[in-house]
1. Can you give me the Rg/Rh ratio for the stretch 109-260, using Cα atoms for both radii and the Kirkwood formula for Rh?
2. With each pseudo-label sitting 7 Å past Cα toward Cβ, what's the Glu258-Lys185 distance in nm, one decimal?
3. Treat each spin label as a single point 7 Å out from the Cα along the C-beta direction, and report the Lys101 to Lys125 distance in nm.
4. If you average the alpha carbon positions of the stretch 8-30 and of the stretch 293-343, how far apart do those two centres end up, in angstrom?
5. Treat the chain as a sphere of radius equal to its Kirkwood radius over Cα pairs and apply Stokes-Einstein at 10 °C in a medium of 1.306 mPa s; give the translational diffusion coefficient in µm²/s, rounded to a whole number.
6. In a shell of Cβ-Cβ distance under 12 Å around Gly301, excluding Gly301 itself, what net charge do Lys and Arg (+1) and Asp and Glu (-1) give?
7. Between the alpha-carbon centers of the stretch 166-205 and the stretch 61-78, tell me the distance in whole angstrom.
8. Taking the number of other C-beta atoms within 10 Å as the exposure measure, put Val199, Val336 in order starting with the fewest.
Amino acid sequence: MIKVKKRKFLLLPGDGIGPEVIGEVKKIINWFNKNKSLDFETEEEMVGGASYEKHGTPITDEVFYKALESEAVILGAVGGPKWDDLEFSKKPERALLKLRKELKLFANLRPAICFKQLVDASSLKPELVSDLDIMFVRELTGGIYFGEPRGIKPIDNGERKGINTHVYTSSEIERVARVAFDLAKKRNNKVTSCEKSNVMEAGQLWKEEVKALHEKEYQDVELQHMLADNCAMQLVRNPKQFDVIVTDNLFGDMLSDEAAMLTGSLGLLPSASLGAKDKNGNMRSLYEPVHGSAPDIAGKGIANPIATILSFAMALKYSLDLDKEAKMLEKSVQSVLDEGLRTKDILSKGTKEVSTSEIGDAIISKLQ
Ligand code: IPM
Ligand code: MG
């Protein structure tokens, strides 16, 4: 059994803009080490397409074992058109899926927050999204992403059949629902659970298990069940009705992308993927921006590092209990936005365009 080492971070920049945005997080870690004597230990390794180019695999065993013994993995992004035609097991995304599954990171927290400075960047009317603050809890190690049987098989008359299986057990549903209820208690005390119980047995089980847990332990939290298609619609009709949304792996993938866009700024949204606490209170975790590798702008120094910096703030909060330091970092991001500094993706009238490293430096100067 590999033990988690306290305060050891594994940095996996990955592909596309990954290295640039992780570069800014490295500067911030150095700042904390120097000015707060926090003593974070970091190591950096390749993952995704970068690893495939060098080693012929999206993640080597060596890197995988390093991830297993780190308290937190901070990932940039994986993937790009260059690797689209690789066979399934070699695709950059497999590295991410393997880390999620093998590190047992079953709870994916994706806040969709509309920053007041960016309310005009949303495609929805400002009054619908201003102060929007939804927390998605996406189940991350089950459902159709991992269910068996799966594959592409030849069938009669020269046809082929593509198979994936959507499957959940009661305990998988219960443990992720518990995370959602606990988070809601610290927020606005409301959980919306989404499934397709009208057409899927696994969806019916999802609903029953969430309901049972609610009755048993969380009656003080408001619970609403919603069909996932209706949720997709409600998110653009009246997004502020939601507090915490808990849902399965696939619906969570889609609904969180939709919600991210409501905020108008994919470049600002962080995420945390958390495992269960062991008996010493240690937990495995992975933090990454919600945006992808954006190969079209890679290497130009214009990527927005804020989502990755805020992912690091989530690591301080959820993995290290350093709430104060996490808040400091979030506040520094806010004041830089208040001052009107922007990377290209969120540039608007009256604001000033700066580069990836300039906005990173500005955030660090606010920490001082
Ligand atoms: C996400 C991404 C991944 C997913 C891909 C890159 C495998 O879309 O984190 O939302 O589908 O989970
Ligand atoms: Mg996605």
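Each reported figure results from applying straightforward, stated rules to the coordinates on display, with no laboratory input. Quick caveat: nothing in here was measured; it's all calculated off a predicted structure. Every residue, glycine as well, gets a Cβ built from its backbone with ideal geometry; the counts of neighbours run over all protein chains shown.
1. Details: Rg = 17.3 Å, Rh = 16.5 Å.
That ratio equals 1.05.
2. 3.0 nm
3. Label-label distance for Lys101 and Lys125, simple model: 4.6 nm.
4. Using only Cα atoms to place each centre, the spacing works out to 11 Å.
5. Answer from the Stokes-Einstein relation: 75 µm²/s.
6. Details: positive: Lys300, Lys344; negative: Glu20, Glu24, Glu353, Glu358.
It works out to a net charge of -2.
7. Centre-to-centre (Cα) distance: 28 Å.
8. Values: Val199 10, Val336 23.
Listed from fewest to most nearby Cβ atoms, that is Val199, Val336.
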